[in-house]
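Student: Please see the structure below; I have some questions.
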Amino acid sequence: SSGINAEWPLRPGGMVGIGAASQCLYNVDAGEAAIIFDKFAGVKSRVYGEGTHFKIPFIQDPVIFDIKSRPRSVPVSTGSKDLQTVNLTLRILFHPDPTLLPSIYTNVGVDYDDRVLPSIVDEVLKSVVAQYDASELITQRPNVSMAVADNLTKRAETFGIYLDDISITHLTFGSDFARAVENKQVAQQEAERSRFYVEKAEFEKTAAITSAEGDAIAAKMLSDAFKKVGDSLIELRKMEAAEEIAHNLSNSRNVTYLPSDNKGLLLNLPQQ
């Protein structure tokens with residue numbers, strides 16, 4: 001029992017020492033950074049990285065920041081250059097500049113992302129989208145994304161925020177624009193159909209003209225041939241016709257006699 005009584009007075013003192021030591025230390029985990037707020041001197045300019053650090057109990061309080069890249073989606077509704085309603089959602093990956101944490105805490109606070117990001121995203125998107133028509137937001141989407149990224153990155157850096165990635169994940173338009181697009185598609189289809197009919201009519205017209213010109217040339221060639229050879233061409237055609245008729249009659253069962261002279265065929269047609 002004497003041994004127990006000898007150790008007992010040390011226990012409260014040891015516990016007090018451990019408690020005092022815990023009040024003088026704080027930990028900064030991986031992906032975090034800390035600054036010190038001094039009740040007498042205010043925010044200290046030094047930034048503390050990962051590890052265990054000392055502080056003055058009851059006078060200094062550590063403020064822990066998450067400096068890892070974090071995602072955030074910001075929806076915005078705005079208007080295009082042609083006054084169409086545009087709904088966008090911008091997804092960004094961001095992290096604070098560790099060297100500017102004292103300034104961020106002093107000017108904005110630990111919840112800097114809630115205070116800063118929605119407002120600057122809304123400002124930049126409205127400024128960029130207003131430069132494009134609704135149709136151009138679709139056809140020139142890469143240019144729109146690039147303009148948003150450049151302007152938003154510069155704007156965020158003034159608050160000590162770095163943007164690691166920026167992308168437009170959602171882009172829709174109002175019902176009026178959807179109806180206008182549908183009507184435009186119908187009008188384009190009607191225009192294509194009308195153009196097809198016009199081209200078909202032009203083709204048929206050209207074909208008819210070409211055919212008529214060919215007939216005229218053929219008639220002229222025949223006329224020239226008749227003038228050149230006289231009646232000999234007509235006589236040749238008569239002989240050919242007579243030969244064909246004779247051949248057809250000779251193969252017919254109903255014909256038993258063919259005249260031996262030339263009086264019954266076309267060879268003795270009266271001369272003009």
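Student: Are any residues in region 113-146 closer than 28 Å to Ser103 by Cα and without any contact (Cβ under 8 Å) to a residue 12 or more places away in the chain, and if so, which ones?
Tutor: Passing the criteria: Asp114, Arg115, Ser119.
Student: Pick out the one residue from Pro71, Pro75 that is without any contact (Cβ under 8 Å) to a residue 24 or more places away in the chain and open to solvent by 50 Å² or more (accessible area, probe 1.4 Å).
Tutor: Pro71
Student: What pairs can you find where one residue is in region 147-166 and open to solvent by 40 Å² or more (accessible area, probe 1.4 Å), the other is part of a loop (DSSP other than H, G, I, E, B), and their Cβ atoms are less than 9 Å apart, with a gap of 6+ or different chains?
Tutor: Glu157/Asp97; Phe159/Val108; Tyr162/Ser69; Tyr162/Asp97; Asp164/Ser69; Asp165/Ser69
Student: Which count do you get for residues in region 39-83 that are under 27 Å from Asn27 (Cβ atoms) and among the polar types (S, T, N, Q)?
Tutor: Selection size over region 39-83: 4.
Table: residues versus (1) out of contact with any Phe, Trp or Tyr (no Cβ under 9 Å at 6 or more places or on another chain); (2) closer than 23 Å to Leu93 by Cβ.
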site	(1), (2)
Val124	yes, yes
Glu136	yes, no
Val144	no, yes
Lys154	yes, yes
Thr169	yes, yes
Ser175	yes, no
Glu199	yes, no
Glu204	yes, no
Ile209	yes, no
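The values are calculated or read from the model by the stated rules, or taken from the named source; none is laboratory data. Bear in mind the structure is a predicted one, so any value in this text is a computation, not a measurement. Backbone-built Cβ (ideal geometry, glycine too); neighbour counts: all protein chains shown. Each accessible area value is taken on the protein alone, full model and side chains, heavy atoms only, with ligands, DNA and RNA left out. Shrake-Rupley method; radii C 1.70, N 1.55, O 1.52, S 1.80 Å.
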